[in-house]
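Engineer: Please read through the structure below; I'll follow up with questions.
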Amino acid sequence: MRCPKCLLCLSALLTLLGLKVYIEWTSEPQLGKAYPGPRGTAPGSTPASSEPTLPANLSARLGQTGPLPSAYWNRQQWRLGTLPSGDSMEVGDCHAWGASAAAEIPDFTSYPEDLRRFLLSAACRSFPQWLPRGGGGQVTGCEEPDVPYLLLAIKSEPGHFAERQAVRETWGGPAPGVRLLFLLGSPEGKAGPDLSSLVAWESRRYSDLLLWDFLDVPFNQTLKDLLLLAWLGRHCPGVSFVLQAQDDAFVHTPALLDHLRALPPERTRGLYLGEVFTQAKPLRRPGGPFYVPGSFFEGGYPAYASGGGYVIAGHLAPWLLQAAARVAPFPFDDVYTGLCFQALGLAPRTHKGFLTAWPADRTADPCAFRDLLLVRPLSPQDSIHLWKQLQNPQLQC
Ligand SMILES: *[C@@H]1O[C@H](CO)[C@@H](O)[C@H](O)[C@H]1NC(C)=O
Ligand SMILES: *[C@@H]1O[C@H](CO)[C@@H](O)[C@H](O)[C@H]1NC(C)=O
């Protein structure tokens with residue numbers, strides 16, 4: 001070796017360069033997002049309160065202070081927001097709501113098919129649980145002394161066997177105070193192969209599938225939120241926190257637990273924590289993703305936490321259900337949750353550790369993950385690989 005010092009210098013330089021690159025991309029993540037719009041870390045214009053309230057007149061909370069709006073959702077909301085208490089979405093025939101939407105929206109026939117289907121059944125929100133024929137697979141409630149501190153409520157769909165198994169084997173695996181449940185629609189294959197017998201087997205084997213008898217399509221995801229809230233009220237009212245996430249998320253569960261345990265009580269009461277989008281607006285390109293016609297919705301979205309994964313305080317479950325009865329149906333589950341929180345006077349809190357549009361090329365580096373709480377999307381394989389690396393006591397960053 002002619003110049004050992006040069007080699008040393010070179011390797012030091014390379015290390016520094018690597019460090020610089022690492023620091024730059026951890027401090028300036030380039031995020032894709034579900035519904036583009038300016039984002040920020042401020043919790044929005046609503047003053048952050050920590051106790052939910054549901055006033056008899058929701059108009060001011062939802063920003064409906066001008067003249068009578070013309071878009072269908074806004075008009076429905078105007079009416080629903082000021083109903084005498086006791087009245088709600090649930091009153092009357094749910095299909096009648098859809099039929100009048102179809103009749104009253106002038107350009108309804110030009111709406112995309114999934115949006116039309118959504119509107120026709122949007123007010124139908126009670127569905128029975130789907131249980132395997134021949135019994136078994138019942139999900140037990142949270143009985144004392146096993147009331148979970150953190151419930152992981154993961155939105156999955158019947159065919160995602162590998163995603164669910166990866167969650168069970170990694171961040172959703174048994175841990176003190178943590179309970180795992182998957183939320184699914186019917187496996188009966190109205191829109192694909194009949195997965196009933198496979199899902200029935202899985203349900204008996206793991207008893208962690210909450211299934212309901214509705215079609216599991218993107219525009220039906222709000223049903224999972226609402227039916228989970230109802231289930232919590234009946235079977236798990238004492239849960240402290242609920243993480244709602246997609247099955248392609250990766251959660252650093254120990255770090256999330258540490259974060260939640262360290263929060264001061266006044267911050268946990270009205271908790272709605274995730275990657276928050278503020279001032280997002282509906283996308284107006286017909287045929288494009290997340291298209292919302294102007295005749296259906298006008299105005300901007302409320303501040304909301306990305307549906308890829310967010311945490312709410314468990315005691316808000318009944319409040320959110322009450323709010324949902326007074327907030328008109330909206331096709332995107334995370335925006336809808338944002339609307340319900342806005343109705344309750346609660347603002348989402350952003351945490352830099354939630355990255356719901358994680359670039360695929362970063363998954364290889366466990367060190368990049370150390371300070372994060374939740375990222376997505378990750379493949380089942382990547383999740384298993386990353387979890388193993390994070391468990392390794394020799395991991396040096
Ligand atoms: C509800 O509040 C809005 C805005 O503050 C107001 O314009 C409207 O008249 C109220 N509606 C009722 C029925 O009180
Ligand atoms: C949601 O599920 C219900 C019940 O299966 C179904 O009638 C409705 O069409 C589904 N919604 C969409 C958007 O497909």
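The values are calculated or read from the model by the stated rules, or taken from the named source; none is laboratory data. The model shown is predicted, which means the values in this text are computed figures rather than measured ones. For neighbour counting, all protein chains shown are included, and Cβ atoms are generated from backbone atoms with ideal geometry for every residue, glycine included. Surface accessibility is based on the protein's heavy atoms, side chains included, excluding ligands, DNA and RNA. Shrake-Rupley method; radii C 1.70, N 1.55, O 1.52, S 1.80 Å.
Engineer: Restricting to the range 201-218, name every residue that is assigned to a helix (DSSP H, G or I), open to solvent by 10 Å² or more (accessible area, probe 1.4 Å), more than 9 Å from ligand 2 (Cβ to nearest atom) and not charged (D, E, K, R).
Structural biologist: Within the range 201-218, 201, 206 qualify.
Engineer: Report, ordered by the first and then the second residue, all pairs with beta carbons closer than 8 Å, sequence separation of six or more or different chains, a first member in the range 57-79 that is under 15 Å from residue 105 (Cα atoms) and touching a residue at least 40 places away in the same chain (Cβ under 8 Å), and a second member that is near ligand 1 (Cβ under 10 Å from one of its atoms) and in a loop (DSSP other than H, G, I, E, B).
Structural biologist: Here the result reads 74/64; 77/58; 77/62; 77/64, each pair linking the range 57-79 to a residue that is near ligand 1 (Cβ under 10 Å from one of its atoms) and in a loop (DSSP other than H, G, I, E, B).
Engineer: Additional query: Just checking, which of 355, 344, 283 is hydrophobic (A, V, I, L, M, F, W, C), crowded, with 18+ Cβ neighbours inside 10 Å and touching a strand residue (DSSP E or B) at 6+ places or on another chain (Cβ under 8 Å)? Break it down stepwise before answering.
Structural biologist: Working: 344 fails: touching a strand residue (DSSP E or B) at 6+ places or on another chain (Cβ under 8 Å); 283 fails: crowded, with 18+ Cβ neighbours inside 10 Å.
The unique qualifying residue is 355.
Engineer: Something else about it: Go through the range 358-397 residue by residue and tally those that are open to solvent by 50 Å² or more (accessible area, probe 1.4 Å) and assigned to a loop (DSSP other than H, G, I, E, B).
Structural biologist: Result for the range 358-397: 12.
Engineer: So, one more: Which one of 167, 178 is surrounded by 13 or more Cβ atoms within 10 Å (Cβ to Cβ) and in contact with an Asp or Glu (Cβ under 9 Å, 6 or more places away or on another chain)?
Structural biologist: On the way: 178 fails: in contact with an Asp or Glu (Cβ under 9 Å, 6 or more places away or on another chain).
After ruling out the rest, the residue left standing is 167.
Engineer: Look through 287, 274, 294, 338 and report the one residue that is more than 24 Å from residue 114 (Cβ to Cβ) and in contact (Cβ under 8 Å) with a residue 12 or more places away in the chain.
Structural biologist: Working: 287 fails: more than 24 Å from residue 114 (Cβ to Cβ); 294 fails: more than 24 Å from residue 114 (Cβ to Cβ); 338 fails: more than 24 Å from residue 114 (Cβ to Cβ).
Of 287, 274, 294, 338, the one residue that is more than 24 Å from residue 114 (Cβ to Cβ) and in contact (Cβ under 8 Å) with a residue 12 or more places away in the chain is 274.
Engineer: Let me ask something else. Return the pairs, sorted by first residue and then second, in which the second residue is among the aromatic types (Phe, Trp, Tyr), the first residue lies in the range 131-152 and is open to solvent by 20 Å² or more (accessible area, probe 1.4 Å), the beta carbons are less than 8 Å apart, and the residues are 6+ apart or on different chains.
Structural biologist: Correct list of pairs: 149/241.
Engineer: Looking only at the range 248-269, count every residue that is part of a loop (DSSP other than H, G, I, E, B) and open to solvent by 10 Å² or more (accessible area, probe 1.4 Å) and tell me the total.
Structural biologist: Within the range 248-269, residues that are part of a loop (DSSP other than H, G, I, E, B) and open to solvent by 10 Å² or more (accessible area, probe 1.4 Å) number 5.
Engineer: Yes or no: residue 260 within 16 Å of the chain's Cα centre (by Cα) and of a type outside the set (Val, Ile, Thr)? Even if it seems obvious, please write down each step before you answer.
Structural biologist: Numbers: within 16 Å of the chain's Cα centre (by Cα): no; of a type outside the set (Val, Ile, Thr): yes.
No, not satisfied.
Engineer: Looking for whichever is open to solvent by less than 30 Å² (accessible area, probe 1.4 Å) and in contact with a Lys or Arg (Cβ under 8 Å, 6 or more places away or on another chain) here; the options are 230, 245. Which one fits? Before the answer, list the steps.
Structural biologist: Working: 230 fails: in contact with a Lys or Arg (Cβ under 8 Å, 6 or more places away or on another chain).
Being open to solvent by less than 30 Å² (accessible area, probe 1.4 Å) and in contact with a Lys or Arg (Cβ under 8 Å, 6 or more places away or on another chain) holds for just one of 230, 245, which is 245.
Engineer: Something else: Residue by residue through the range 314-331, note down the ones that are open to solvent by 10 Å² or more (accessible area, probe 1.4 Å) and assigned to a loop (DSSP other than H, G, I, E, B).
Structural biologist: Listed by number, the residues that qualify are 325, 326.
Engineer: Let me ask another. Identify, please: which residue in the range 181-200 is open to solvent by less than 30 Å² (accessible area, probe 1.4 Å) and polar (S, T, N, Q) and is, among those, nearest to ligand 1 (Cβ to nearest atom)?
Structural biologist: The qualifying residue nearest to ligand 1 (Cβ to nearest atom) is 186.
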